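Reviewing the structure listed below.
Rule-based calculations on the coordinates, nothing more; no lab input. Fair warning: this is a prediction, and the values are worked out from it, not measured in the lab. Cβ placement follows ideal geometry from the backbone for every residue including glycine, while neighbour counts extend to all protein chains displayed.
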Amino acid sequence: MPELILAGNEQQTVPVVISIAQGLGYEATQPSQGSIKLERGNLSKTLLLGAMAGKNFHISFTFDIGVDQHGNTWLRFDQDGALGAVKGGAIGYAKSKNAYADFINAMRSETTRRGLLLGER
């Protein structure tokens, strides 16, 4: 579970992260203090069709948000690969893992491009 450290406080960085996620087709749901859930796809179709839901395959994960001692934001991304297996067997598990890896790589790339990524733990 990677933890990215971004320049700026939560009010400055979280909207950027959500914007990047939306550009990848995710919707931010259940925003709460310190945690945001990202989802894409259709849960009903995924439960009915499993991995055969194609583009509608449901993917979700959360990220926790905090501020370090220097006033910079850290984001800890967490994805439950077992949930993908429940929804679509081995293929669903692989789809879920691949989507998560693609998201993390896009987040690294885009926050670097915008000059926000300070590091990773």
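Computed from Cα atoms, the angle from the helix 10-23 axis to the main principal axis of the chain rounds to 30 degrees. Computed extension length for K97-E3: 32.2 nm, one decimal, from 0.36 nm per residue of separation with the Cα-Cα distance subtracted.
Spin-label pair Q22-S109: with each label point 7 Å from Cα along the Cα-Cβ axis, the two points sit 2.1 nm from one another.
In plain terms, the chain from Q12 to L48 could stretch by 9.0 nm, reckoned as 0.36 nm per residue minus the Cα-Cα distance. Working value for the chain: equivalent-ellipsoid semi-axes of 28, 13, 12 Å, each the square root of 5 times a Cα gyration tensor eigenvalue, largest first. Over all other residues within a Cβ to Cβ distance under 14 Å of T111, the charged ones net out to 0, with Lys and Arg as +1 and Asp and Glu as -1. Helix-derived [θ] at 222 nm for the chain: sum -39500 (n - 2.57) over DSSP H runs of at least 4, divide by residue count, nearest 500? The per-residue figure over the chain is -15000 deg cm²/dmol. How far is helix 81-113 tilted, in degrees, relative to the longest principal axis of the Cα atoms in the chain, given as a value from 0 to 90 rounded to the nearest 10? Approximately 30 degrees, to the nearest 10.
For the chain, a simple Cβ point-charge model (Lys and Arg +1, Asp and Glu -1, everything else neutral) yields a dipole of about 440 debye relative to the Cα centre.
Only one residue of N9, A53, N42 has its Cα farthest out toward the positive end of the dipole of region 1-61, where Lys and Arg carry +1 and Asp and Glu -1 on Cβ, and that residue is A53.
Projecting the Cα atoms of Y100, A28, I65 onto the charge dipole of the chain (Cβ charges, centred on the Cα centre) puts Y100 farthest toward the positive pole.
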